[in-house]
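Report on the following structure.
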Amino acid sequence: MQANNIMEIILIQDVDNLGAANEVVSVKNGYARNYLIPRKLAVENNNSNKKQLEERLKQARKKEEAMLAEINSVIAKLNAAPLKLGAKTGTSGKIFGSVTNLQLSRAIREQKGYEIDRKKIHITEDIKELGTYKATIDFGGGHSTEVEFEVVAE
């Protein structure tokens, strides 16, 4: 472990110019003992800390898998049937105003039972008349889906 004044440590938090949390890195003995370990940024790379690291990584994987399963079930429900959005229209079929991501967020809550933050919904075009349109919902972490919705007269 310790050779030539070098020490292996496990980072607990991200450290600039060194590495990310849960990463094993080699640093100088003094840097680890005088700076990283006292500030709770890292722990020594020994057997018990390795076991704790493995457990943290296992828990993170489980959490990620559960979140992915939840996202996939939401996507399946959203794509099962198009959403219907009511809008006030004139005689020519044009909408008074336009459809917003807030209205779409409310429609998802009322019709599908999911609370999706309006900031995560991106409508690709200005909606000024009745018809079928698409919007993208970004769940974060590189997961997104395209949702179809229909604008109908109220």
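No value in this document is a laboratory result; all are computed from the given coordinates. Everything numeric here is computed off the predicted structure, so don't read it as measured data. Here the Cβ positions follow ideal geometry from the backbone for every residue, glycine too, while neighbour counts run over all protein chains shown.
For segment 118-154, filtered to residues that are touching a residue at least 60 places away in the same chain (Cβ under 8 Å) and touching a Gly at 6+ places or on another chain (Cβ under 8 Å), the residue that is surrounded by the fewest Cβ atoms within 10 Å (Cβ to Cβ) is Glu154. If you go through segment 70-103 and keep only what is assigned to a loop (DSSP other than H, G, I, E, B), of a type in the set (Gly, Ala, Ser) and either in contact with a helix residue (DSSP H, G or I) (Cβ under 9 Å, 6 or more places away or on another chain) or without any contact (Cβ under 8 Å) to a residue 60 or more places away in the chain (or both), you end up with Ala81, Gly90, Ser92, Gly97, Ser98.
Among the residues of segment 81-118, what is the count of those that are among the aromatic types (Phe, Trp, Tyr) and closer than 14 Å to Glu154 by Cβ? Adding up the residues that qualify gives 1.
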